[in-house]
1. On a 0 to 90° scale, report how tilted helix 81-110 is relative to the longest principal axis of the chain, with both axes built from alpha carbons and the result rounded to the nearest 10.
2. Evaluate E = 1/(1 + (r/R0)^6) for Leu22 and Arg116, where r is the Cβ-Cβ distance and R0 equals 25 Å; express this FRET efficiency to the nearest 0.05.
3. Karplus couplings for segment 10-20 from phi (6.51 cos²θ - 1.76 cosθ + 1.60, θ = phi - 60°), rounded to Hz, Gly and Pro as x?
4. In square nanometres, what is one fourth of the surface area of the convex hull spanned by the alpha carbons of segment 96-155?
5. Using a cut-off of 20 Å between alpha-carbon atoms, which lysines can reach Lys39, once sequence neighbours fewer than 8 places away in the same chain are excluded?
6. Of the listed values (i) 39, 13, 12; (ii) 33, 18, 12; (iii) 25, 21, 12, grab the one calculated as semi-axes √(5λ) of the Cα gyration tensor in Å from the structure here.
7. If you average 1/r over every pair of different alpha-carbon atoms in segment 88-131 and take one over that average, what Kirkwood value in Å do you get?
8. Lysines within cross-link reach of Lys83: Cα-Cα under 19 Å, excluding same-chain residues under 8 positions apart?
Amino acid sequence: MIQRIQSVWLFFATACIFGLFLFPYLQVLNPDGSASLIKVMGVYQNVAGQQVQTQPFLGLTIASVILALIPFITIFLYKDRKKQVLLSYLSIALVIAFSFWLIQTAKGVLGPVELRAENYGIGTLLPSIAILFLILAIRGMKKDDKLIKSADRLR
């Protein structure tokens, strides 16, 4: 059913991945003194007091939307728990691969810049939190499956 706890966890995982559009995952101070924000949509720099996108990341943007829609669609597959579990595991693998893609993109944009702890934004934590929510959702799905099997034994 849609009102099960795993639906809540899947929705939170979707929200975390969509949160990457709001929050930068890296913030770097350029040699000229301007700050650059790196989001999944591209590199943003402060020009004349406004944030302007200087380099778009179309591939990352499309991948983020697809990655966020997988857990959301999984919510509505509540009648087929095996498919829900499979899609949740797939989502975890894709989030991990996506995180590596984010890192490689940032390395390509920044070049030999040394990053410190203050350079990382909230967006750095969001994929990890999404994985945590997906694991909690899988746990809820397995509990439901166990409950159904025990109820079938009683019949």
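Read-outs: derived from the displayed coordinates by stated rules, not from any lab. This is a predicted model, so every value here is computed, not measured. Counting neighbours? That spans all protein chains shown, and the Cβs are built from the backbone with ideal geometry, glycine included.
1. 10
2. Details: r = 23 Å, r/R0 = 0.92.
Result of the calculation: an efficiency of 0.60.
3. 5, 5, 5, 4, 4, 5, 5, 5, 5, x, 5
4. Values: hull surface 20.9 nm².
With the hull built on Cα positions only, its mean projection is 5.2 nm².
5. Those lysines meeting the cut-off are Lys107.
6. (i)
7. Values: mean 1/r = 0.0866 Å⁻¹.
By the Kirkwood definition, the hydrodynamic radius is 11.5 Å.
8. Lys142, Lys143, Lys146, Lys149
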